[in-house]
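Each remark here refers to the structure printed beneath this line.
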2 protein chains.
Amino acid sequence: MNQGFAPIGDVLRSAGTVAVLTHVRPDGDAIGSQLAMVLALQKLGKTVTAWNEDGLPESFAFLKGSELITKPPDEPLEFDTVLALDTAARNRLGTGITAIRTYKTLVNIDHHASNPGYGDLNYIDVQAPATGQIIYELLRDQKLPFFPEIAEALFVAISTDTGSFRYQNTTAHTFEVAGKLVEAGVDLATISHRIYESYPKRRILLLGQLLNEATFHAHDRIATFTLTEATKARLSIDPADIDGLIDVIRSIDTVVVAIFFEEVADQRVRISVRSKDLRIDANRICSTWGGGGHPLAAGARIRGTLEQVRTKVISYVSDEVLKYP
Amino acid sequence: MNQGFAPIGDVLRSAGTVAVLTHVRPDGDAIGSQLAMVLALQKLGKTVTAWNEDGLPESFAFLKGSELITKPPDEPLEFDTVLALDTAARNRLGTGITAIRTYKTLVNIDHHASNPGYGDLNYIDVQAPATGQIIYELLRDQKLPFFPEIAEALFVAISTDTGSFRYQNTTAHTFEVAGKLVEAGVDLATISHRIYESYPKRRILLLGQLLNEATFHAHDRIATFTLTEATKARLSIDPADIDGLIDVIRSIDTVVVAIFFEEVADQRVRISVRSKDLRIDANRICSTWGGGGHPLAAGARIRGTLEQVRTKVISYVSDEVLKYP
């Protein structure tokens, strides 16, 4: 599925115009990877734009150059090359891809196991803990521009997607790359402060409410959070405010699977599933409802009311969990 | 102040009996450093013991070999060499040092700036984010035994003392060392799971309650948690359950000072103060009531009811905070 870095380097060097895209509801890895590539390509003299359906989350606005990341325009445009980053499925590019009328080459760089390789060129490394780590390797391997602002963007990508170097996906090589990024000029104290100590008050108040209404199932091996549209409206919750809150219930010793249920538009419920046990595959659970992700972290959007979706998902996951005493 | 690693290596190699000590109320860096040294010296064929006043905290009992760390015996013993690790002042060794009748050489290895160099041999590196990082360098430099169980102990030391590679003290070299430790056999997923994802459910339920009753003052620049004796009894809260919860309100962007008020015995209230701004000195604030600590983290015990103590402390800290617009 991988054509290697060389043909990707060739396509990027020969392109005149490049659109750098990432998935809807972009997280730190999505934004960090997108920012690193747009900065590198700009430096290379390309006409480059970076879009995603939701634009730049406020929480990453501190990153230098991040203002280059916007929502897509209403009128479709054409590009030589489209670069899809950290996006497991083409439709997860959302209005980012529909705002592109024509392109010559679609390059797909990702670390999600479920990525089918929808690009003309693909580089899928499921061992990489973050797409940002692949971008680091691409830039160095292909001798593309690399400077402190890029290092900071990639550090954010890797730090956030490894839970600050805690998740299973973190390897000796990840630490080595992080060391190289710090050496290249990352202001680690400021970055940590902005990522991990600068949350809006509404996020913390929301956490209090979620905890108060948390439910536990299958002998406390499943824990759930539930977020209604009403609560989102009352606290003016942005999508980014929710990121990572599920880790709070996931951190309980008895919990093997944590599930976040979020009421979204069109009579659907978004679920995020976090597993601590490879035998209980979050990706497989979410595929049941047309979603996907990684073995330990996946998501889906399911039609139904909160109550309906909660009932069927908790029942399904309970059956899975109770297979392993 | 530093005699270098060579004379320390010589003393350890020539000793017959060694006592490895660390500070009272040992944290991850204390236990990880102590365990690494006791394992290395045991492998070297020494008669070695590892004590600290409080013994092995339950949360580190998962580390292989950790059963070697105990409380000191009642009857004082004699040793060739005493190794004091991660301990800023001799008296912080507590009953660990008073349980030693005689010794020939006291070796003091630490990273605290306030360490006066109380050893016969000293190695104080205030740039090191953790004593565990110094121990790694000592073992490698002096070609002392180094194997997976030692790597895991040192990884715990470094991970916990850097807030999982987030604090200012984390350098490119720290990442490099972490990478070497993972390469040497650290089971990162298991270690992270035991350190960061194995909290009792009661701690998380307590967090929900604290958040629901959190108060904000001085234009959201002060945030407080309040814990009553009744809540502690209802949720069977251990002192260790409370550790770090204050960081949740400290992580709000507007918050400069976070204060934890805990009702304790004898009509007193324990306060923990965390500042994000060096101009607002937590140590000075706490000294007002006979407490102390560091500029960004300090504590005190104050006589009075919760209501009385809250009123006077919040009023005092508000005045401090409002000096700086």
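The values are calculated or read from the model by the stated rules, or taken from the named source; none is laboratory data. Keep in mind it's a predicted model, so treat the numbers as computed, not measured. Ideal geometry is used to build each Cβ from the backbone, glycine not excepted, and the neighbour counts take in all protein chains shown.
Please identify the pairs in which a residue from region B:189-203 that is within 21 Å of B:A151 (Cα to Cα) has its Cβ atom under 6 Å from the Cβ atom of a residue that is surrounded by fewer than 18 Cβ atoms within 10 Å (Cβ to Cβ) and of a type in the set (A, V, I, L, M, F, W, C), counting only partners at least 6 apart or on another chain.
Close Cβ pairs satisfying both conditions: B:R194/B:F62.
Residues are listed down the side, and each one gets a yes or a no for (1) crowded, with 24+ Cβ neighbours inside 10 Å; (2) more than 16 Å from the chain's Cα centre (by Cα):
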| residue | (1), (2) |
| --- | --- |
| A:D27 | no, no |
| A:N52 | yes, no |
| A:S59 | no, no |
| A:E67 | no, yes |
| A:P76 | no, yes |
| A:A84 | yes, no |
| A:N91 | no, no |
| A:Q127 | no, no |
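I'm told A:R270 meets every condition in (1) surrounded by 15 or more Cβ atoms within 10 Å (Cβ to Cβ); (2) basic (K, R); (3) free of Cβ contacts under 8 Å to residues at least 12 places away in the same chain except one. Can you identify the failing condition by its number?
With (1) surrounded by 15 or more Cβ atoms within 10 Å (Cβ to Cβ); (2) basic (K, R); (3) free of Cβ contacts under 8 Å to residues at least 12 places away in the same chain applied to A:R270, the lone miss is (3).
Would you mention how many residues in region A:27-58 are within 19 Å of A:A240 (Cα to Cα), in a loop (DSSP other than H, G, I, E, B) and touching a residue at least 40 places away in the same chain (Cβ under 8 Å)?
Residues that pass the stated criteria total 5.
Which ones in region B:198-223 are in a loop (DSSP other than H, G, I, E, B) and either of a type in the set (A, V, I, L, M) or closer than 15 Å to B:D241 by Cβ (or both)?
Selection gives B:S198, B:P200, B:A214, B:A218.
For A:L211, only one of the following conditions fails: (1) farther than 19 Å from B:A178 by Cβ; (2) buried (at least 21 other Cβ atoms within 10 Å of the Cβ); (3) more than 8 Å from chain B (Cβ to nearest Cβ). What is its number?
Here A:L211 meets the rest and fails (3).
Please go through region A:216-244 and give me each residue that is at pLDDT 95 or above and within 12 Å of chain B (Cβ to nearest Cβ), ordered by number.
A:F216, A:H219, A:D220, A:R221, A:A223, A:F225
For region B:267-325, how many residues meet the condition of being assigned to a loop (DSSP other than H, G, I, E, B) and either under 25 Å from A:Y199 (Cα atoms) or among the charged types (D, E, K, R) (or both)?
Within region B:267-325, residues that are assigned to a loop (DSSP other than H, G, I, E, B) and either under 25 Å from A:Y199 (Cα atoms) or among the charged types (D, E, K, R) (or both) number 13.
Hey, can you tell me all the residues within region A:59-74 that are of a type in the set (D, E) and in a loop (DSSP other than H, G, I, E, B)?
Within region A:59-74, just A:D74 meets the criteria.
Counting just the residues of region A:171-201 that are hydroxyl-bearing (S, T, Y) and closer than 26 Å to B:G185 by Cα, which one comes out surrounded by the most Cβ atoms within 10 Å (Cβ to Cβ)?
A:T174
Quick one: in region A:129-151, of everything that is assigned to a helix (DSSP H, G or I) and within 14 Å of chain B (Cβ to nearest Cβ), which residue is farthest from the chain's Cα centre (by Cα)?
Among them, the one singled out is A:P148.
Please enumerate the residues belonging to region A:75-99 that are in a loop (DSSP other than H, G, I, E, B), of a type in the set (D, E, K, R) and in contact with a Ser or Thr (Cβ under 7 Å, 6 or more places away or on another chain).
A:D80, A:D86
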